[in-house]
Amino acid sequence: MSDHKTTGLMSDQLSKSTSIFGIRLWVVVGVCVGAAIVLFLFLISLWLASKRSKKQNSSSHGPKIPIVSKEIQEVKIDTNLETQPDPFPEPEQVTGIERQALLLKPGEESPMGYHGIQIEIGKDHRISYPGSSGESRGGGDQVAMVVPEVSHLGWGHWYTLRELEEATNGFTAENVIGEGGYGIVYHGVLADSTDVAVKNLLNNRGQAEREFKVEVEAIGRVRHKNLVRLLGYCAEGAHRMLVYEYVNNGNLEQWLHGDVGPCSPLSWEIRMNIILGTAKGLTYLHEGLEPKVVHRDIKSSNILLDKQWNSKVSDFGLAKLLGSESNYITTRVMGTFGYVAPEYASTGMLNERSDVYSFGILIMELISGRNPVDYSRPPEEVNLVDWIKKMVTNRNPDGVLDPKLPEKPTSRALKRALLVALRCVDPNAQKRPKMGHVVHMLEADVSPFKDDHRAGKDAGHSNHNGLKDGASGDPSGCDSGQASESR
């Protein structure tokens, strides 16, 4: 009986009208329970969506590639060198060495009656790109060529314009991964699902033709793990495009100067690995090829990174070929402000030591996280080389470290990296080490100032001796030596 009474009492209570529009109590309770269930399900859906988003981000195996807020502008300086006329004017006649790099037989002329690029692509198919020497019939911008639908060279692939349009979704802005003075780089996916980077050269007064020629000459057959591989090209009508392997983690400039937060993902170990990989790539260009290749535009934005932070040197549009019989070539000054070697900027005389200077700037940039020239800083800190020399002279090498480094390197490791960098930017080009020696200094536990040049008793030699003492572990020796050099 008590159970029936309790049930009846509960039923009476639930059936009572409430002050909410006279709605019965059980209806109000039901609405509240339903609302609670809906809220719970909504929170569950938010949690699942957040978890799915985190999972997608983690599947990229690393942080998002940052965007660089400001760019170091390229500068091109035309110099009139009266005492040493330019034997390689631009646009240039293809030399015998370059012709060999392009699979040309020495002395061979183009069907158009003047020297130019010729590439054999099979029986009865020859593609000719006009040069600037000799007389051109019908205008210098005309290109006579036979364009098969698909052609293969010994080292690359001939892509049609339609193939590359499909790969890049019609060269849409969403596919742009880089822009420079000479062209726009797009991410593309070929029909066989291969990721590529397509560089569409801007046709500015024949510059596209020249850069196309230079990159084909310089790296058409190059294969090295620290150099971006040129897979193929496209030349239809006025279009000139180069197709590279796709390196999927942006470039060094983005990770050094982009918005990465208060702590950079580039640890000291990663930075030294990037330096070493870049040095090995340059060593191959300078010492593993004949003719040697002078890159002429080594900078952080031209160092691409994969997901394992391995470095690859890219953008050979300004490269020059230097034969073993020549110590240097004289050419107009081109490069990026802050990275150009002083002797090249003042005289136009170019050799591989110019790349060594740019590499030294790159080391300093990696150590400090600063741009080579930064006008937003105090006057005494605008020039990176001068500032680092001053800091080392003042016995404060730790003061040059990037504040975003997750951990500080050992004092010995920092001094060694600084000493290698300072030697690479030696004002006297002849005292700079070759890139092969730089690799040895970075890999082996040897003094960075065990000079491979002849011994001497000049001031520069005594400066190096002072720096050598610092490398052996005596901070005062390092500082005093650098003070001498900075003066």
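The values are calculated or read from the model by the stated rules, or taken from the named source; none is laboratory data. Because the structure is a prediction, the values reported are computed rather than measured. All Cβ positions, even for glycine, are placed from backbone atoms using ideal geometry, and neighbour counts span all protein chains on display. Each accessible area value is taken on the protein alone, full model and side chains, heavy atoms only, with ligands, DNA and RNA left out. Shrake-Rupley method; radii C 1.70, N 1.55, O 1.52, S 1.80 Å.
Test of understanding: among VAL385, VAL392, which residue is within 23 Å of the chain's Cα centre (by Cα), more than 22 Å from SER264 (Cα to Cα), open to solvent by less than 30 Å² (accessible area, probe 1.4 Å) and assigned by the TED database to the domain that holds SER301?
The unique qualifying residue is VAL385.
Against the list (1) touching a Cys at 6+ places or on another chain (Cβ under 7 Å); (2) open to solvent by 10 Å² or more (accessible area, probe 1.4 Å), the condition VAL356 fails is (2). Being touching a helix residue (DSSP H, G or I) at 6+ places or on another chain (Cβ under 6 Å) and either among the aromatic types (Phe, Trp, Tyr) or at pLDDT 95 or above (or both) is a property that does not hold for VAL385. In region 344-361, the residues that are more than 11 Å from ILE329 (Cβ to Cβ) and among the hydroxyl-bearing types (Ser, Thr, Tyr) form Cβ pairs under 8 Å with partners that are assigned to a helix (DSSP H, G or I) and open to solvent by 10 Å² or more (accessible area, probe 1.4 Å), at six or more places apart or across chains, as follows: TYR357/PRO342; TYR357/ALA429.
Restricting attention to region 268-279, the residues being open to solvent by less than 20 Å² (accessible area, probe 1.4 Å) and over 13 Å from the mean Cα position of the chain (by Cα) number 2. Taking LYS312, is it at pLDDT 90 or above and not assigned by the TED database to the domain that holds PHE171? Answer is yes for this residue.
Could you go through region 299-310 and let me know if any residue there is of a type in the set (A, V, I, L, M, F, W, C), more than 30 Å from ASN200 (Cβ to Cβ) and out of contact with any helix residue (DSSP H, G or I) (no Cβ under 6 Å at 6 or more places or on another chain). Before you say what the answer is, go through the steps one by one.
Kept after step one, since they are of a type in the set (A, V, I, L, M, F, W, C), are these residues of region 299-310: 303-305, 309.
When the remaining residues are screened for being more than 30 Å from ASN200 (Cβ to Cβ), the result is none.
No, region 299-310 contains no residue that is of a type in the set (A, V, I, L, M, F, W, C), more than 30 Å from ASN200 (Cβ to Cβ) and out of contact with any helix residue (DSSP H, G or I) (no Cβ under 6 Å at 6 or more places or on another chain).
Inclusion of ALA319 among residues that are surrounded by 19 or more Cβ atoms within 10 Å (Cβ to Cβ) and over 18 Å from VAL216 (Cα atoms) is not warranted. Given the condition over 23 Å from LEU414 (Cα atoms) and in contact with a Ser or Thr (Cβ under 7 Å, 6 or more places away or on another chain), answer yes or no: does some residue in region 308-327 qualify? Yes: one or more hits. Report the residue count in region 225-244 for those that are of a type outside the set (A, V, I, L, M, F, W, C), part of a loop (DSSP other than H, G, I, E, B) and open to solvent by less than 40 Å² (accessible area, probe 1.4 Å). Residues meeting the conditions: 1. On the basis of being open to solvent by 10 Å² or more (accessible area, probe 1.4 Å) and hydroxyl-bearing (Ser, Thr, Tyr), does TYR344 make the cut? In short, no. Flag set for LEU282, criterion: closer than 24 Å to LEU442 by Cβ, buried (at least 21 other Cβ atoms within 10 Å of the Cβ) and among the hydrophobic types (A, V, I, L, M, F, W, C).
The condition of being open to solvent by 20 Å² or more (accessible area, probe 1.4 Å) and of a type in the set (Asp, Glu) holds for only one of GLU380, GLU365, that being GLU380. Selection over region 285-308 of residues that are under 17 Å from the mean Cα position of the chain (by Cα), part of a helix (DSSP H, G or I) and not hydrophobic (A, V, I, L, M, F, W, C) gives a count of 3.
The single condition among (1) closer than 24 Å to VAL185 by Cβ; (2) surrounded by fewer than 21 Cβ atoms within 10 Å (Cβ to Cβ) that THR330 does not meet is (1). Which of the following residues is under 25 Å from ILE184 (Cα atoms), of a type in the set (A, V, I, L, M, F, W, C), open to solvent by 10 Å² or more (accessible area, probe 1.4 Å) and within 15 Å of the chain's Cα centre (by Cα): VAL260, VAL247, VAL222, VAL214? Every option except VAL247 fails the conditions.
With respect to the conditions (1) closer than 17 Å to ALA421 by Cβ; (2) modelled with pLDDT of 95 or more, GLY338 falls short on a single one, namely (2).
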